[in-house]
Every structure is written in C-alpha cells, then in structure tokens.
Amino acid sequence: MSTASAQDWLKGQQQYWDSWFDQQRKFFGGESQGAGASFAGPQGQWAELLKVWQSAVSGTGQNAPDLGAFQQQFTKAGETYLNMMQQFYQGTGQAKTLEQMTKEWAESLQKFFSGAVDGKGFSANGFSGFAKDPLSAVDPLNFFASFPGIGYTREKQEQLSHLYQQWSEFEAKFREYNNSMGKVGLEAVQKFQAYVANPPQDAAPLTSLKEVYAKWVDICEEIYAKYAMTEEYTTVYGEVVNALMGFKKQQSKMLDDAMDQLNLPTRAEVDSLHERLHALRREVAALKAELKPKAPKVKPDATKDTTKQGKKS
Amino acid sequence: MIGIQLSPEKIFKEVTNFNTKLAEGIKNLRQVGDLPSGVTEKEAVYKEDKLVLYHYKSPTGKKATNKTPLLISYALVNRPYMTDLQENRSMIRGLLETGQDVYLIDWGYPDRSDRYVTMDDYINGYIDRCVDVLCERHNVDKVNLLGICQGGAFSLCYTSLHPEKIANLITMVTPVDFHTADNMLAHWIQNIDVDLLVDSLGNVPGDMMNWTFLNLKPYRLIGQKYIDMVEILDNPQQIHNFMYMEKWIFDSPDQAGEAYRQFVNDFYKHNRLIKGEVELGGQKVDLKNITVPVLNIYANDDHLVPPSASKPLKQYVGTKDYTELSFKGGHIGIYVSSSAQREVPPSIGKWLNERG
C-alpha cells in the first residue's frame, strides 16, 4: 500500500470509527466524547461487578485469613480481557496498527507484573508502608520490637513485640510470594509475545479478541501449573501461609488476654470446654455401645451361623 | 505478525456484541433469585448434632427393588446437594431410577462447638450410627456404601474397620494415593504447618478452602470463567444453570479443626492410607480388610483428584471383585454433565443390582 493510499485508508477508517463511536454513545447513553477517548460502557460496569464478585469469592469472614491482597494477582485475569478490549477498541479508533495495539497491551501486562516483582504492585494490608519503604531496615517499630520488655508491663511489651515481629515476617514472606507470582506473569507475557510473533506452524491464527484472551489465559495457566509444582513455589507458599498463621495465633492470644482482663470467657477456655465435652461424649457412646444388646438382624435367608453368633452375644 | 488476525471491523463487532450481551443480560442475572439446595423430595430419618440423614423418594414413584439400602457419604468440604442439583442434573434421581433405596448423609455446617470432632468421630461415630439406623430400618445386616471424594476416603476407612456392615462399596473421585506426581494439593501442603494452622484458626474456614481450590487454576477460575459467563447472559436457562453451580461451589462449610488436622496430615502430607498407618479409634486402617465388591469411579480430567490418585485403589484393597469405571469429564462434571446423567448412575445401579 502506497503512503497516499494508506493515508486515505486511515482517514476513511477514522471517519468510520467516529460515526461508530457516536452510535455506541447513543446506544449506551454515554456522554459525548471523541473517538478513541476513554469509553467505559457496560464492560466498565462488568469490571466493577467482577471485582465485587471476586472480592466475595476471596472471603472476608471473621475467621478467614486476609486473602484480599492475594486475589489481586488473579483478578487481573478477568480484568485483562476487559482492558484488552478497551485498548484494542481505542486503538482501532486511533487507527493504530494491530502490531502496535498488541505491543501496547503486552507492555501494560508487563508493567503490571513487573510491579509485582519489584514489590510496588501489591502489599498486604496494614503496615505495608514500612515493608515497601527502602529504609525499612531502620523501621522504628522493628527497632523497638527487638528490645526485651522490662518493668511492670514486661509481658505485655513482649507480646506486642512478638505480634509485630510476626506481622513483619508475614509481610516479608508475602512480598516473596508476590514476587514469584510476578515472575510467572512476566514469563507468560514473554511466551505470549513469542507466540504471537512466531506461532507454531499448525496453530490456527487468533481471529477474535476472545481467542487472544483465551490464548493468554492458556499460557498463564500452563506456566503457573508448571511453577506451582516446583519446590520453590511450595516453599514460598508454605512460608507465607505459616507466617500468616503465626501472626493470627499471636493475635488470638492477645485478644484472649484482653478478654481475661475484662473477666469474660476466652476462646481458649471455651475450646477447653468443647474438648472435654467431646471426650465425654465419646466415653458415653462407648458405654452405650457396650450396653446395647446385639440383637441379630434375622433375614429370611440368614444362615444358621449368623443366628448362632447373635445368640452367643 | 501472523499469530493474530484481527480486522478493525471484527474488533468493533466483538466489542459491540459483548456490550450488548452485558446490557441485555444483566437483567437475567438479577432475575435468578433464590436457588434450592437439592430438588428431590426427601425425608430426614436421623439427626445428630449437625448431621442429618436423608431418605430420598423417587419423583416417578419407582419403588426400590434393591433390598440393600444405599448410603451416600459425601465430602466434608462442600455441600452434598451437588448430587441433586437440578431436576435434570441429579445423580440421586438417576440412582432411584435404577431401583436403589437412597440415603444421604448431610454433614451440615460445623461451627466452633465442632472444632474437636475428629475423623474417628466422623467415621466410627457418625457414619457407623447412620449405618446402624439403616440396618434397623431395613432389617438388614449390611448396607451398600457410596463415598464421594473425601467421603470416599472415609468410606474406605469405614469399610476397612467395619467390613461386616458393608455389602458393596462404591468410591467416586476418591483419592487413595495422595503422593502422585500430578497432585497439586498434596504438593502444596508439604511445607504448610497444618498443626499451626489448626491451632491458629480452630475450624478451617470454608472461604480458605475455596481460595485454595480456585488457585489450582486461578486464571481460568477467577477470570476467564466470568468473561465466558457474559456469553450466556442472554440465555435465562443457561444463566440459571450457571448460578446453580456457582452457588454450590461457594457454599462451603468450615472444616472441623481436629478432623482437618488428621486428614491433611495423615492423608495428604504423609500418604498414610496406602501405608496402612491411619489410626482411628485405636485401630489401624488396613485397606486389605476390604474384601467386599468395590466399584471405583474416577474422572479422566479431574484436576482436584487426578485419576492417578484414584486408580491405585485396586492394588491396595483385598477384594477379588474390583471394577473400575472411568468417566470423560472433570471432578464436578461427573455429577452434573448430561453425559454423566446418562452414564454414571445407570452404571452404579447395574453394578449394584448384579450383586444383590
């Protein structure tokens, strides 16, 4: 295509998109915007709904560990499609080439996962400011927490220090986990780019955004599944869960101490009662079983032997 | 660039279709309303703590021709109405139609008071008492037992410890060898301090279990699934079916802490079932004690319990009457897919009826 005819084609496309955008805006009642401008539309609402849904899926139960931050890793999987639609949609409105649009989309993914790798993308809630701070080595709380408690409140100081140390441990392990998941994402981006640039000879071309997205998900799952079976992943996963449980255990202990001071029943006390109750129930069940007469079930076809055994008992 | 072939027209058409489906389909989503937990008429015949033992009635009025009642022991980690999800997706109905007298244990939703319920309590306590109830009701010595997933592992333990009370054993998508190379859950658990986890949380939240299962295929289950959902939003029946499944997936009871501790440590972490090292109520579980006929059903595409985890059962049980049935589908499809309705319950019924 010559430069002049290419210009004509682009101009024609631009007019077509402008007209199409106007129709879309009317259809969905959107505000007047130029072609290629941000256009949320129902898929924007869907992205919000998806987030709410996934938030519900992750669980926010009182007893559940805080998994909210973990979900960000994978919420992106759904958002990816919507963002991809948005980018391609806007890109065509701006008469970008397919290569450009694909490249920009891949770059946005790369940026996202790089954020996870360098620790800027995600963090657990709470004291994350310290954890991300390059000066965390001089974190004042950590500094004081390393001192032994002294004086009348010595035990409480120790408990509090221990709680903070547990949280710091979790933060550190959580960053390691996110880092490793970010690497999975980056590897997926690279593999996706390689696939697009040089697909296997027998592979059918991807002819819809849905197919592009499905390929992206396939590649992510493939790399994740492989990584999730490595010793490295098992270690990181185990460490982050153990660190969170350590924190929650200490948290419960301190809560119990507070309840005790208020002269209220503690979780440990209630647990102890439940444990004894179940032990008693087992004893009662065993005694009842011993006392229960073992009457035979006499069936029409029951053998003599069975009947005899029943009589013996 | 030859991997992607998209024209601007195609992109616009696709975005338009997506938006249209969303705009028009959201109302279908909002009209789904409350969904029942099981559809076949049933009667509670025994209750103990959170447990309810249900007896099902055939909607077609078909009488049970198999005189040995069939007891279904489902997993603790999800709700048992998966076996009776919808009128046309019900394993229970399929079994009733083969002439089985079907009972099911509903474990309920354990709360804090159940934290110290152990595997021994579940197997030698609850299951054993349910079996006794059935024997009493039907004036028989033995029942047929069908264990599903974790409930299958429990059924293996029960049959090993109480062989005199079981006529035939069916295990469905049941893990037996927990240390096969493709068992992701078993792999992940190796470095988790399960004792610390139970000591910290008491009962293990259902939400946490769900999150673990979602992470087996996170990109697909947390993202792509809901994008695909848009495709069916304009079809009220399909969205209805989708929501039935969605409800079931996230309707997850908490796990009684002590039972969870032993199950994960003994089965997932140390693979003690096949080593004969699981101990319940002071007795070792030896799979060689299982000499009754066994039907082992597994799903070829099961990502939760891979076939490699189920199939080894053959080499560990003592029975000479061992049958395997493989199903082309996944862990959930084996109960609800249309091919499952055609294949699985009729096969179970036939196998049971042949054995009296």
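Hey, could you check the range B:205-236 for residues that are more than 9 Å from chain A (Cβ to nearest Cβ) and not charged (D, E, K, R) and say which is farthest from A:ILE223 (Cα to Cα)?
B:PRO236
State all residues of the range A:268-293 that are farther than 15 Å from B:GLY257 by Cβ, charged (D, E, K, R) and in a helix (DSSP H, G or I); if no residue qualifies, say none.
Correct list: A:GLU269, A:ARG276, A:ARG281, A:ARG282, A:GLU283, A:LYS288, A:GLU290.
In the range A:220-249, which residues are among the aliphatic types (A, V, I, L, M), open to solvent by 10 Å² or more (accessible area, probe 1.4 Å) and more than 7 Å from chain B (Cβ to nearest Cβ)?
A:ILE223, A:ALA225, A:VAL236, A:LEU244
Just one of the numbered conditions (1) at the interface with chain A (Cβ under 8 Å from one of its Cβ atoms); (2) closer than 30 Å to B:ARG112 by Cβ is not true of B:PRO253; which one?
(1)
Please give the number of the condition B:GLY94 fails out of (1) open to solvent by less than 50 Å² (accessible area, probe 1.4 Å); (2) more than 9 Å from chain A (Cβ to nearest Cβ); (3) in a loop (DSSP other than H, G, I, E, B).
All conditions pass for B:GLY94, except number (3).
Looking at B:LEU156, B:LEU169 in this structure, which one is buried (at least 24 other Cβ atoms within 10 Å of the Cβ), under 18 Å from the mean Cα position of the chain (by Cα) and not in a helix (DSSP H, G or I)?
None of the others qualify; the one that does is B:LEU169.
Pairs only if they're at least six apart or on different chains, beta carbon under 9 angstrom, first in the range B:24-45 and touching a residue at least 40 places away in the same chain (Cβ under 8 Å), second small (Gly, Ala, Ser) and open to solvent by less than 60 Å² (accessible area, probe 1.4 Å); list them, first residue then second.
Within 9 Å, the pairs are B:GLY38/B:SER90; B:VAL39/B:SER90; B:THR40/B:SER58; B:THR40/B:SER90.
Scanning the range A:250-267 for residues that are in a helix (DSSP H, G or I) and free of Cβ contacts under 8 Å to residues at least 60 places away in the same chain, which turns out farthest from the other protein chains (Cβ to nearest Cβ)?
So the residue we want is A:GLN261.
How about the range B:125-142: which of its residues are within 16 Å of B:ILE105 (Cα to Cα) and among the basic types (Lys, Arg)?
Matches in the range B:125-142: B:ARG129, B:ARG137.
Of all residues in the range A:193-209, count the ones that are within 7 Å of chain B (Cβ to nearest Cβ) and either touching a Cys at 6+ places or on another chain (Cβ under 8 Å) or in a helix (DSSP H, G or I) (or both).
4
With respect to B:ASP195, determine if the residue is more than 7 Å from chain A (Cβ to nearest Cβ) and either closer than 19 Å to A:TYR237 by Cα or β-branched (Val, Ile, Thr) (or both).
Judged against the criteria, B:ASP195 is a match.
Per-residue answers, yes or no, for (1) in contact with a helix residue (DSSP H, G or I) (Cβ under 7 Å, 6 or more places away or on another chain); (2) more than 24 Å from B:SER338 (Cα to Cα); (3) open to solvent by 10 Å² or more (accessible area, probe 1.4 Å):
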{"residue": "B:MET229", "(1), (2), (3)": "yes, no, no"}
{"residue": "B:ASN241", "(1), (2), (3)": "no, no, yes"}
{"residue": "B:PHE250", "(1), (2), (3)": "yes, no, yes"}
{"residue": "B:GLN262", "(1), (2), (3)": "yes, yes, yes"}
{"residue": "B:ILE274", "(1), (2), (3)": "yes, yes, yes"}
{"residue": "B:GLY282", "(1), (2), (3)": "no, yes, yes"}
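I'd like the full set of residues that are under 21 Å from B:LEU201 (Cα atoms) and either open to solvent by 20 Å² or more (accessible area, probe 1.4 Å) or part of a loop (DSSP other than H, G, I, E, B) (or both), limited to the range B:121-153.
B:ASP121
With the structure loaded, tell me whether B:GLN255 is polar (S, T, N, Q) and open to solvent by less than 60 Å² (accessible area, probe 1.4 Å) or whether it fails that test.
Yes: the conditions hold for B:GLN255.
The values are calculated or read from the model by the stated rules, or taken from the named source; none is laboratory data. Just so we're clear, the structure is a prediction, and the values are computed from it rather than from any experiment. Here the Cβ is made from the backbone with ideal geometry for all residues, glycine too, and neighbour counts use every protein chain on show. Accessible surface is based on the protein model in full, side chains and every heavy atom, while ligands, DNA and RNA are left aside. Shrake-Rupley method; radii C 1.70, N 1.55, O 1.52, S 1.80 Å.
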